[in-house]
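Let me begin by presenting the structure, written as structure tokens, before commenting on it.
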């Protein structure tokens, strides 16, 4: 590559990064409109009345589908995209009814993703309609695992910067959040299905399926009682 081509490539890279910083950081209603017009052509699907607040970081938007009337609040991180399955040691959990493609993030209609949320969808993540996630909620459908279950004598790593990346151990745990779910402050979701009309109380850890119309709490989160008496009007959801 000639010096001129290298220089042009560097300038293009700098301009693209400056533009991205400008798009992410621009405040107020104008910034929201700017981000909507930018990302609606980048997302796999994008509905109407989508608000993307300042500081939101979106990785691989072409793997993300967003419905109508969605508010992605300040400083949210959305991570999607396919993982290289040929690297590392992979464990899979199948306690979910996720029907999408691994790496896909699907967000339904009338959803509020709260400030400082992380939605990591490399294992597959579905968010239904009328869902609220309060500030500080984190969902990881793909993360590191503490050992190699097929060879417990092997010393594995949790760092993708490890010298031998084939000894990095991962777990895939698709996540499904059904309609009309509210996940309260600072909850952590590491897999499974949260049934419709459920509430997860603050600082809970979701590892397994939560049945519909549950008030769930704890580490790990368990159903404590019904959220709505006699099932509420669940048939309307």
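No lab work stands behind these numbers, since they all come straight from the coordinates. Everything quoted here is computed from the prediction, not taken from an experiment. Counting neighbours? That spans all protein chains shown, and the Cβs are built from the backbone with ideal geometry, glycine included.
Restricting the count to DSSP beta bridges whose residues both fall in segment 123-237, what percent are antiparallel, rounded to a multiple of 5? Please report the intermediate quantities before stating the final value.
Details: 8 of 26 bridges.
Antiparallel bridges make up about 30 percent of those DSSP assigns within segment 123-237.
Students often check this: by mean Cβ neighbours within 10 Å, which of 48-61, 165-178, 219-232 ranks highest, and how do the rest follow? Don't jump to the answer; show the numbers that get you there.
Numbers: 48-61: 17.6, 165-178: 20.6, 219-232: 14.2.
The densest-packed peptide leads the list: 165-178, 48-61, 219-232.
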Along its three principal axes, how long is segment 40-224 when you only count alpha carbons? Whole Å, largest extent first please.
50, 43, 27
Counting DSSP beta bridges with both ends in the chain, the antiparallel % (nearest 5):
15
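Pairwise over distinct Cα atoms, reciprocal of the mean inverse distance: report the Kirkwood radius of segment 172-222 in Å, one decimal place. Could the numbers behind the result be given before it?
Values: mean 1/r = 0.0974 Å⁻¹.
Hydrodynamic radius (Kirkwood, Cα only) of segment 172-222 equals 10.3 Å.
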Listed with the fewest Cβ neighbours within 10 Å leading, 153, 132, 30 appear as 153, 30, 132
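One-quarter of the Cα convex hull surface for segment 1-107, in nm²? Don't skip to the end; give the middle numbers.
Numbers: hull surface 39.1 nm².
Average of the hull's projected areas for segment 1-107 equals 9.8 nm².
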Among 186, 164, which comes first, then next, by fewest other beta-carbon atoms within 10 Å?
164, 186
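With each run of n ≥ 4 DSSP H residues scored as -39500 (n - 2.57), what mean residue ellipticity at 222 nm is computed for the chain after dividing by its residue count and rounding to the nearest 500 deg cm²/dmol? Show your work: numbers first, answer last.
Details: 2 runs with 35 residues, N = 237.
My calculation for the chain gives -5000 deg cm²/dmol from helical runs alone.
Ratio to report: Rg/Rh of segment 125-237, with Cα atoms as the point set and Rh obtained by the Kirkwood method; give two decimals. Please report the intermediate quantities before stating the final value.
Working: Rg = 16.7 Å, Rh = 15.2 Å.
Ratio of gyration radius to Kirkwood radius: 1.10.
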